[in-house]
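Take a look at the structure below.
The values are calculated or read from the model by the stated rules, or taken from the named source; none is laboratory data. Because the structure is a prediction, the values reported are computed rather than measured. Please note: Cβ atoms are built from the backbone with ideal geometry, for glycine as well, and neighbour counts cover all protein chains shown. Only protein heavy atoms, including side chains, enter the accessible area calculation; ligands, DNA and RNA are left aside. Shrake-Rupley method; radii C 1.70, N 1.55, O 1.52, S 1.80 Å.
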Amino acid sequence: MLSASVCVVRYFNTAGPCIAERHYMLPAQERLPQAREMVDEGHYFVVHAPRQTGKTTALAAMARDLTASGQYAALRFSCESAEPAGEDYGRAEELVLEAIRRSTEAAWFPDELAPPATWPGAVPGARLARGLTEWARSCSRPLVLFFDEIDALRGESLRSVLRQLRDGFTGVREEFPRSVVLCGLRDVRDYKAASGGDPGRLGTSSPFNIKIASLRMGDFTEAEVRELYGQHTAETGQQFTPDAVRRAFWCTQGQPWLVNALAYEITRRMRVPRSEPITAEHVDEAKERLILARATHLDSLAARLGEDRVRRVIEPLIAGELPREASTYDDDLAYVRDLGLIAPDAPVRVANPIYKEAIVRVLGTRTESVITAAPSSFRLPDGRIDVDKLLRSFAEFWRENGEILATSSTYPEAAAQLVMMAYLHRIVNGAGFIDREYGVGRRRVDLLIRQPYTAADGSRAVQRAALELKVWRQGRPDPLGERLAQLDDYLDRMELSTGTLVVFDTRPQAAPVHERTAFSPQTTPSGRTVTLLRA
């Protein structure tokens with residue numbers, strides 16, 4: 001506990017569980033409203049959500065509240081320390097029991113509810129069940145245990161823990177924990193798969209039946225983002241404008257770590273004076289800074305992009321194609337959804353605009369590293385981008401390097417789009433912004449370059465340029481006519497009079513890249529004059 005004499009200025013937390021005295025935070029248990037009822041009814045169930053969404057904070061608060069109520073001896077502990085045991089399930093059991101004991105030594109946990117001074121001896125594969133049975137017998141209150149970071153256990157170790165909990169659940173319940181919660185990244189069906197079994201055979205006899213006992217912790221709503229940011233206003237007087245809150249929610253779609261990280265970046269790193277309101281422009285700048293810095297959370301997600309089961313879901317999103325038929329697709333989708341990379345509901349889409357931008361930037365890193373053009377050479381005196389020069393520079397780069405970069409990509413179906421997006425990002429280079437629209441079945445990527453500049457009268461203005469990227473694939477007709485109509489629709493939505501259509505021809509019979517890469521003017525169905533780049 002913090003000393004009452006210490007004056008702590010609360011801040012937005014981006015590392016570890018939230019502490020009410022130190023951090024701005026929403027009421028933790030309100031994010032799992034069904035959990036208390038399920039504990040009271042004696043259920044064994046799963047709580048799952050992507051990393052850094054507040055699971056540990058919520059479970060720790062619930063454990064303390066349940067214990068303070070006088071009804072239960074409730075404890076949250078982490079299984080992470082048992083990860084080094086690997087397949088050695090006997091050692092894993094010992095480490096889990098040690099984690100339990102260590103957690104009961106917290107100052108808030110009553111000494112009289114602690115487990116036996118020494119865990120009883122038992123053969124490997126029975127140590128956890130034997131220890132929990134002895135504790136349940138000696139404790140004056142029913143036990144409620146939150147197995148946090150259960151994902152850390154693998155193979156035989158995970159199987160052993162699940163088996164012992166299942167046996168205890170179906171045995172003499174008065175001599176075993178009343179309620180057990182497994183908390184981690186994945187849903188219950190994946191625990192069976194991770195332990196080497198068939199997820200389809202988990203069975204209704206399991207206490208962790210996915211259909212009746214699996215809770216997913218959701219993201220913040222826009223109202224909750226407003227409430228969280230409002231705590232900063234209440235304590236410091238510094239306001240988040242309504243546009244800033246809306247922009248923050250749009251950028252993050254309520255992902256808790258991102259919501260806090262944006263606000264932390266603005267208030268602590270950008271140090272916007274407290275006498276000034278926080279605006280949507282500040283949010284945009286903070287978003288860019290987080291992505292460029294490859295913040296820890298974004299970097300950990302980016303590291304997953306090389307996994308085959310992640311690629312099988314993300315590549316069709318970027319390429320705009322339908323997923324290829326694969327027996328593993330549903331499981332791949334569930335896995336990527338549990339990682340938090342894609343939204344929890346249909347249609348399949350990247351979870352939020354920050355992830356959407358971070359993904360293509362990470363996948364375009366190699367391309368960016370070989371671009372020699374200087375971003376400053378494309379800037380006009382007033383700060384705008386010379387878009388025509390930029391496009392012609394890209395065309396030259398594509399003639400010289402495009403096919404090499406595309407054919408060596410780990411995401412070959414989306415390689416052409418990734419190369420161009422990387423080139424644009426290298427030139428825009430943080431002074432402006434690129435909004436991207438891509439998704440399954442769209443068969444195109446829509447891009448909007450936004451470049452702030454100073455108008456002739458000295459006022460602040462924003463240059464906007466729209467591009468549509470399309471791949472001409474083998475077995476399909478020339479997409480020009482269809483895409484010109486779609487570019488019309490995009491320009492209508494963006495309220496722009498002109499734009500650029502880029503068609504990458506990946507057919508085996510296509511002319512050599514140095515011959516086919518060329519510009520021409522085109523007219524859309526609505527009569528707009530636009531630029532076509534065939535590449």
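What pairs can you find where one residue is in region 270-282 and part of a helix (DSSP H, G or I), the other is buried (at least 17 other Cβ atoms within 10 Å of the Cβ), and their Cβ atoms are less than 8 Å apart, with a gap of 6+ or different chains?
ALA280/ALA244; ALA280/ARG247; HIS282/ALA244; HIS282/ILE266; HIS282/VAL272
Could you pull out the residue among THR367, THR328 that is closer than 23 Å to SER409 by Cβ, hydroxyl-bearing (Ser, Thr, Tyr), out of contact with any Pro (no Cβ under 8 Å at 6 or more places or on another chain) and surrounded by 15 or more Cβ atoms within 10 Å (Cβ to Cβ)? Step through it out loud before you land on a result.
Values: THR328 fails: surrounded by 15 or more Cβ atoms within 10 Å (Cβ to Cβ).
One residue alone meets the criteria, THR367.
Take the residues of region 59-114 that are among the basic types (Lys, Arg) and farther than 15 Å from ALA35 by Cα: which is nearest to the chain's Cα centre (by Cα)? If you could, list the steps in order and put the result at the bottom.
Initial filter on region 59-114 (among the basic types (Lys, Arg)): 64, 76, 91, 101-102.
This time we only want the ones that are farther than 15 Å from ALA35 by Cα, so: 91, 101-102.
On the way: ARG91: 33, ARG101: 33, ARG102: 31 Å.
Across region 59-114, the extreme among qualifying residues is ARG102.
Does region 114-146 hold any residues that are open to solvent by 20 Å² or more (accessible area, probe 1.4 Å) and part of a helix (DSSP H, G or I), and which are they?
Result: ARG127, ALA129, ARG130, THR133, GLU134, ARG137, SER138.
Identify, please: which residue in region 370-397 is in contact with a strand residue (DSSP E or B) (Cβ under 7 Å, 6 or more places away or on another chain) and of a type in the set (Gly, Ala, Ser) and is, among those, surrounded by the most Cβ atoms within 10 Å (Cβ to Cβ)?
Within region 370-397, the subset in contact with a strand residue (DSSP E or B) (Cβ under 7 Å, 6 or more places away or on another chain) is 378-379, 382-385, 387, 391, 395.
If we keep only those that are of a type in the set (Gly, Ala, Ser) as well, we get 383, 395.
On the way: GLY383: 15, ALA395: 18.
Filtering region 370-397 for residues that are in contact with a strand residue (DSSP E or B) (Cβ under 7 Å, 6 or more places away or on another chain) and of a type in the set (Gly, Ala, Ser), the one surrounded by the most Cβ atoms within 10 Å (Cβ to Cβ) comes out as ALA395.
Here are some residues: ALA395, ALA422, ALA415, ALA373. Which one is in a helix (DSSP H, G or I), free of Cβ contacts under 8 Å to residues at least 60 places away in the same chain and of a type in the set (A, V, I, L, M, F, W, C)?
On the way: ALA395 fails: free of Cβ contacts under 8 Å to residues at least 60 places away in the same chain; ALA422 fails: free of Cβ contacts under 8 Å to residues at least 60 places away in the same chain; ALA373 fails: in a helix (DSSP H, G or I).
Residue meeting the stated conditions: ALA415.
Within region 314-330, can you find the residues that are of a type outside the set (Val, Ile, Thr), without any contact (Cβ under 8 Å) to a residue 24 or more places away in the chain and touching a helix residue (DSSP H, G or I) at 6+ places or on another chain (Cβ under 9 Å)? Steps first, please.
Narrowing region 314-330 to residues of a type outside the set (Val, Ile, Thr): 315-317, 319-327, 329-330.
Okay, now just the ones that are also without any contact (Cβ under 8 Å) to a residue 24 or more places away in the chain, so 324-327, 329-330.
Result: ARG324, ALA326, TYR329.
For region 21-77, enumerate the residues that are assigned to a strand (DSSP E or B) and closer than 30 Å to THR233 by Cβ.
Start the filter on region 21-77 by keeping residues that are assigned to a strand (DSSP E or B), which leaves 23, 44-48, 73-77.
Correct list: HIS23 only.
Do any residues in region 506-525 that are over 24 Å from GLN486 (Cβ atoms) have Cβ atoms under 8 Å from those of residues that are loosely packed, with under 15 Cβ neighbours inside 10 Å, where the two are at least six apart or on different chains, and which pairs are they?
PRO508/GLN474
Is there a residue in region 239-250 that is free of Cβ contacts under 8 Å to residues at least 12 places away in the same chain, open to solvent by 20 Å² or more (accessible area, probe 1.4 Å) and farther than 17 Å from THR14 by Cβ?
To start, the set of residues in region 239-250 that are free of Cβ contacts under 8 Å to residues at least 12 places away in the same chain comprises 242.
Cutting the leftovers down to open to solvent by 20 Å² or more (accessible area, probe 1.4 Å) gives us 242.
Going one step further and asking which of them are farther than 17 Å from THR14 by Cβ, we end up with 242.
The answer is yes, given that some residue of region 239-250 is free of Cβ contacts under 8 Å to residues at least 12 places away in the same chain, open to solvent by 20 Å² or more (accessible area, probe 1.4 Å) and farther than 17 Å from THR14 by Cβ.
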